[in-house]
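What follows is a short report on a single structure.
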Amino acid sequence: MLTAIVYGAIFLSVLGALSSYVLSENKLQSASTSKSRGLAMAEAGLEYYRWHLAHFTSDLQNGTGSAGPYSIPFNDPEGGQTGTITLSILGNQSCGEITSVDITSTGTPVEDARGKRTVMARYAKPTVARFSYILNDSVWAGDDRTILGPYHSNGGIRMDGTVNSPVTSSLSTWLCTSSFGCSPSRTKAGVWGDGNNQNLWSYPKPQVDFDAISANFSSLKTKATTYGKFFATNGSATSNGPGYHLIFNTDGTLTVKKVSAVYTNLDSVPVYDSSAGSESDYTRIKNESLLGTYTLPSDCGLIYVEDNIWVEGTITKKITLVAADAAHSGVVPDVVLLDDIVYQSYDGTDGLTLIAEGNVLISPLSPFDMTLNGIFIAQTGAFGRNLYDCPGSYEPKGTLTILGTTVSNKRTGTKWVNGCGWSGDAGYQTRTDAYDRRLATDPPPFTPFTSTDYTFVDWREK
């Protein structure tokens, strides 16, 4: 009897432990299933409102005409209501226009409210800010380059730099000439070179349509005149004439100076055409006068300048700066990056999109080590730094660091191999380019799109 009692107690203890384990696992499985249902419902809420915006593009109130949040039953066709979706919709506006929509969706299963899950997504058109570089011409990225972020060219790419993201070309093959280090000229693969992570290289890939990402300057001019800041042509409508010098101040104001004359006694080789002879350089300011210091509108960071501009300073909000002339045919303004352009804050609240109808050029007077923050777009021209007499007071330079995106219609270049002859290379000797993750999902207003289709550019669980 004693033996029976002992073994009975052991059996009951084991049975109790096993039963407890089975019940715990069952509860855990039920909770996991409930949470999976909650997440599926929350994602269904995002998809529903994406469908709603596709049909009613400006309706942020779910067709109710009143503020949310909005409760929507989630029904199983065979089992009735199995949960509830709660939606909160927030439209992000700038300059009187919705730029993106933030959707917060919460799914709550009927069987267990503890399975509630919440996801948030931003619905917008994808922009150029998702890339480190977008080029419409062939390019050579040297071995001094460190490129962090997707890199794409509609032409061929010689990649000798260090990369950590996809490098894509729209060409299967291309003719590499002496200006790309091939002598004699020979046919190369769409992407080739001595760079690392060659498993990230791919070609051919679809072209990025530069016509599609081209800024609508007439529309931007109207928006800037109505909501932002507009500066008309400074006395003449010539592509190489004077313009404006813009200085962004740390207190959030903008100081504007009228440039009445530039030096023309300096020759340079254009960045996009290394085979060209020296041309007159118009990037150095000779005479300027103060126009005024301005406080930018809090609800519209759009500045439109109908002339050439020189830019420097500290960005303290989301700014879109345009240099274009939609009024005078054949006039194509340039932008000159005179000094460092940095953000006051790097938490995503500050950002710059700079669009030039022509070129975006780094000044010969640029700092030895230069920092540029922003999205820089040369719509019909090139981004880069011309070649000056070397060695000399303008050459060579040290390190160029870019946080953001470079978009260039023509070939880019900030370093000239053997530009100083026997003395070495001209331009910036070391270059680091990193795309800005925060601007990729929340760029300044009117940053050019890479697609006309709205999509979720950001998704995360709360």
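Among the residues of segment 167-187 satisfying the criterion of being surrounded by 15 or more Cβ atoms within 10 Å (Cβ to Cβ) and of a type in the set (S, T, N, Q), which is nearest to the chain's Cα centre (by Cα)?
From segment 167-187, those surrounded by 15 or more Cβ atoms within 10 Å (Cβ to Cβ) are 167-171, 174, 176-177, 179-180, 182; that's our starting set.
Applying the additional criterion that residues be of a type in the set (S, T, N, Q) yields 168-170, 177, 179.
Working: T168: 17, S169: 19, S170: 20, T177: 31, S179: 29 Å.
It comes out as T168.
One residue is enough: does segment 140-148 have a residue meeting the conditions acidic (D, E), open to solvent by 40 Å² or more (accessible area, probe 1.4 Å) and part of a loop (DSSP other than H, G, I, E, B)?
Yes, segment 140-148 contains a residue that is acidic (D, E), open to solvent by 40 Å² or more (accessible area, probe 1.4 Å) and part of a loop (DSSP other than H, G, I, E, B).
Being out of contact with any Lys or Arg (no Cβ under 9 Å at 6 or more places or on another chain), open to solvent by 50 Å² or more (accessible area, probe 1.4 Å) and either closer than 22 Å to T233 by Cβ or assigned to a strand (DSSP E or B) (or both) is the filter here; which residues of segment 291-331 pass it?
Selection gives T293, T295, H328, S329, G330.
Sort through T452, T353 and tell me the only one that's outside any strand (DSSP E or B) and of a type in the set (V, I, T).
T452 is the lone residue from the list that is outside any strand (DSSP E or B) and of a type in the set (V, I, T).
Residues of segment 266-283 being part of a loop (DSSP other than H, G, I, E, B) and at pLDDT 85 or above, which ones?
If the condition is that a residue be part of a loop (DSSP other than H, G, I, E, B) and at pLDDT 85 or above, then L266, P270, V271, D281, Y282, T283 are the ones that fit.
For segment 89-133, enumerate the residues that are of a type outside the set (G, A, S), open to solvent by less than 40 Å² (accessible area, probe 1.4 Å), outside any strand (DSSP E or B) and closer than 19 Å to G351 by Cα.
Selection gives C95, P126, V128, F131.
Here is a list of conditions, (1) of a type in the set (A, V, I, L, M, F, W, C); (2) modelled with pLDDT of 65 or more; (3) closer than 30 Å to K462 by Cα, and L28 meets all of them except one; can you say which number that is?
(2)
Of all the residues that make up segment 400-433, how many are in a strand (DSSP E or B) and either touching a helix residue (DSSP H, G or I) at 6+ places or on another chain (Cβ under 7 Å) or open to solvent by 10 Å² or more (accessible area, probe 1.4 Å) (or both)?
12
Taking segment 332-350 on its own, how many of its residues are in a strand (DSSP E or B) and either at positive phi or hydrophobic (A, V, I, L, M, F, W, C) (or both)?
6
List the pairs whose first member sits in segment 181-204 and is in contact (Cβ under 8 Å) with a residue 12 or more places away in the chain, whose second member is of a type in the set (D, E) and open to solvent by 70 Å² or more (accessible area, probe 1.4 Å), and whose Cβ atoms are under 8 Å apart, counting only residues at least 6 apart or on separate chains?
Cβ pairs passing all conditions: D194/D143; G195/D143.
Please enumerate the residues belonging to segment 211-256 that are modelled with pLDDT under 90, open to solvent by 50 Å² or more (accessible area, probe 1.4 Å) and hydrophobic (A, V, I, L, M, F, W, C).
A212
Filter segment 378-399 down to the residues that are of a type in the set (G, A, S) and farther than 22 Å from A356 by Cβ, then identify the one that is most open to solvent (accessible area, probe 1.4 Å).
Looking at residues that are of a type in the set (G, A, S) and farther than 22 Å from A356 by Cβ, I get S393.
Quickly run through segment 339-364 and pick out the residues that are over 15 Å from V305 (Cβ atoms) and of a type in the set (D, E).
D339, D340, D347, D350
Go through segment 41-62 residue by residue and tally those that are among the small types (G, A, S) and closer than 15 Å to G91 by Cβ.
The total comes to 1.
Among the numbered criteria (1) out of contact with any Phe, Trp or Tyr (no Cβ under 6 Å at 6 or more places or on another chain); (2) surrounded by 14 or more Cβ atoms within 10 Å (Cβ to Cβ), which single criterion is violated by G190?
The failed condition is (1).
Give the residues of segment 140-154 that are over 11 Å from A434 (Cα atoms) and either of a type in the set (K, R) or modelled with pLDDT under 95 (or both), sorted by residue number.
Passing the criteria: W140, A141, G142, D143, D144.
The values are calculated or read from the model by the stated rules, or taken from the named source; none is laboratory data. Predicted, not measured: the structure shown is a model, and the values here were computed from it. With ideal geometry, Cβ positions are generated from the backbone for all residues, glycine too; neighbour counts draw on all protein chains shown. Protein only, heavy atoms only, side chains kept; ligands, DNA and RNA dropped before computing areas. Shrake-Rupley method; radii C 1.70, N 1.55, O 1.52, S 1.80 Å.
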